[in-house]
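The values are calculated or read from the model by the stated rules, or taken from the named source; none is laboratory data. Note that the coordinates shown come from a computational prediction; the quantities given were computed from them, not determined experimentally. So basically every Cβ, Gly included, is an ideal-geometry build from the backbone, and we count neighbours across all protein chains shown. Keep in mind that these areas ignore ligands, DNA and RNA; they rest on the heavy atoms of the full protein, side chains included. Shrake-Rupley method; radii C 1.70, N 1.55, O 1.52, S 1.80 Å.
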Amino acid sequence: MFKYALLFFLVMFMIGTDTFLISPLLPELQAAFGVRTEWTGWMLGAYTLGSALFALIAGPLSDGWNRRTVLLCGLIAFSVSTFLCGFADSFWAMCLFRLAAGISAAFTAPQIWAYIPSVMPPSKIAKTMGVAYAGLAASQAFGVPIGSWLASGGWPAPFWTIGAASLALAAFAFWQLPDIKPAESIGRIAILSRYRPLIRNAKARGGFAAYLLLHLGGGTAFAFAGKWMSDRFELTVGQIGVAMLFLGLGNMLGSTVSASASRRFGAAGMVYAGMTLLVALYVLLPRLPHLTLATVCYVIIFAVLGILFPIVMGALTSLDASLRGTISSLANATMNGANTLGAWVAGLLYVQLGGYMPIGVFASVSLALSLAAFAASGVFVRRPARGHGREQA
């Protein structure tokens, strides 16, 4: 079972690292391609755009195919498109390759969340969810430093390294992962029709509404965290990067203890207690007068989020065993949409209402509404196990 957990951790680490990889390279890429500053963001946005748009169809498609085949094809395409970024000779070529990498990630990442309940025993599912999320958290902590270090050999080097490492992971997955074939009936269902059970399910509707609000609050607060640190504490870009490193480490720590926390306090108890704490911390954060206190508060916030996300993902993917790919992809699209909206809202609040205080209040209200939505949905209320609708292992 360790080999599965290791593979899932590494795949999520590679995908997460590729997401953040381009950030430290923007000045070099801008100079190399001669593009204006206001256009450089598209080299990041192209990846997110591809991932968000194709996530909605990647999940339903994968539920009708062999999950092993989908994951391998997605990971190989991810490897090739990331590797090709290192050969981009123009701004538009880079955007095209980044778009392809995002599309590939949209097919790859949901398979990890869908695979875990299929190959792990029930007692290990929550822990493995935490391990996989720890890979994503680790990429947030180390993605920018890794990209900067590799770029010392030239800006193409990070793309070639991540591409080659992802291809090696595809080979590892080929030898280790079992086939996970769909139920006989699921392949005959139209792609968009696979969302109907979720749309008609009040528990699913409430759970995804709560998930959207959870990411909206966290995404809004995080979008302008660096700007606030710069304005409030006069930090340089390098100092902000160090602070962000601690946030990523807190997130990774939380994800690694998520399973044990869930077992000890129960999934519902952990989610309700954690989100109540977050509501208070987001109100407190903008009022803290010292950088050390603000950093500690942020680390606690990210540690709590690291505990909560694997628990929430485990609850969502358990809504329908035959639609785990659809659910995982919908969750991915919901996350990306919420973070995009959060960044836009954060900009308006920061500029129009005068600083980080309104952002903290908005995040707190979003988390409170998310908590209420989770409680009303009944996502964390156990149902008797059903004997049908399971995927074949």
remark   = For the pair R264 and A171, the simple spin-label estimate (label points 7 Å beyond Cα toward Cβ) gives in nm 4.2 nm
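Dividing the convex hull volume of the alpha carbon atoms of the chain by its residue count, what do you get in Å³ per residue? Don't skip to the answer; put the middle values down first.
Working: hull volume 50.8 nm³, N = 393.
Cα convex hull per residue, to the nearest whole number: 129 Å³.
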message = Pairs of alpha-carbon atoms within less than 8 angstrom and 6+ residues apart define the contacts here; what relative contact order does the chain have, in percent?
response = 27 percent
key: Semi-axis lengths, Å, the stretch 32-164, gyration tensor of Cα atoms, sqrt of 5 times eigenvalues   = 29, 18, 13
inquiry  = Place a point 7 Å from the Cα of E234 along the Cα-to-Cβ direction; which residues of the stretch 281-316 have their backbone N under 17 Å from it?
reply    = 289-292
message = Students sometimes get this wrong: rank W228, W39 by accessible area, probe 1.4 Å, all chains present, largest first.
response = W39, W228
inquiry  = If you average the C-alpha positions of the stretch 267-300 and of the stretch 37-113 separately, how far apart do those two centres end up, in angstrom?
reply    = 33 Å
query = Classify the stretch 234-290: rounded, prolate or oblate, from the alpha-carbon gyration tensor (a ≥ b ≥ c, eigenvalue square roots; a/c under 1.5 rounded; otherwise prolate if a/b is larger than b/c)?
reply = oblate
query = Once phi is turned into ³J(HN,Hα) by the Karplus curve 6.51 cos²θ - 1.76 cosθ + 1.60 with θ = phi - 60°, what whole-Hz value does each residue of the stretch 210-222 show in order, with x for glycine and proline?
reply = 5, 5, 4, 5, 4, 6, 4, x, x, x, 5, 5, 6
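At most 16 other Cβ atoms within 10 Å and a DSSP loop assignment: could you name the chymotrypsin sites (Phe, Trp or Tyr not before Pro) in the stretch 273-352 that fit? List each step's numbers first, then the result.
Details: sites: Y282, Y298, F302, W344, Y350; in loops: none.
Those that pass, being in a loop and sparsely packed, number zero.
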task = Per residue of the stretch 66-81, in order, report the coupling 6.51 cos²θ - 1.76 cosθ + 1.60 (Karplus, θ = phi - 60°) as ³J(HN,Hα) in whole Hz, putting x for Gly and Pro.
result = 5, 4, 4, 5, 4, 5, 5, 5, x, 5, 5, 5, 4, 4, 5, 5
task = Treating cross-link reach as a plain straight distance, find the lysines whose alpha-carbon is under 27 Å from the alpha-carbon of K3, omitting any fewer than eight places away in the same chain.
result = K124, K127, K181
request  = Provide the per-residue ³J(HN,Hα) series for the stretch 120-130, in order, calculated from phi with Karplus coefficients 6.51, -1.76, 1.60 and θ = phi - 60°, each as a whole number of Hz, with x at glycine and proline positions.
outcome  = 9, x, x, 5, 9, 4, 4, 5, 5, 4, x
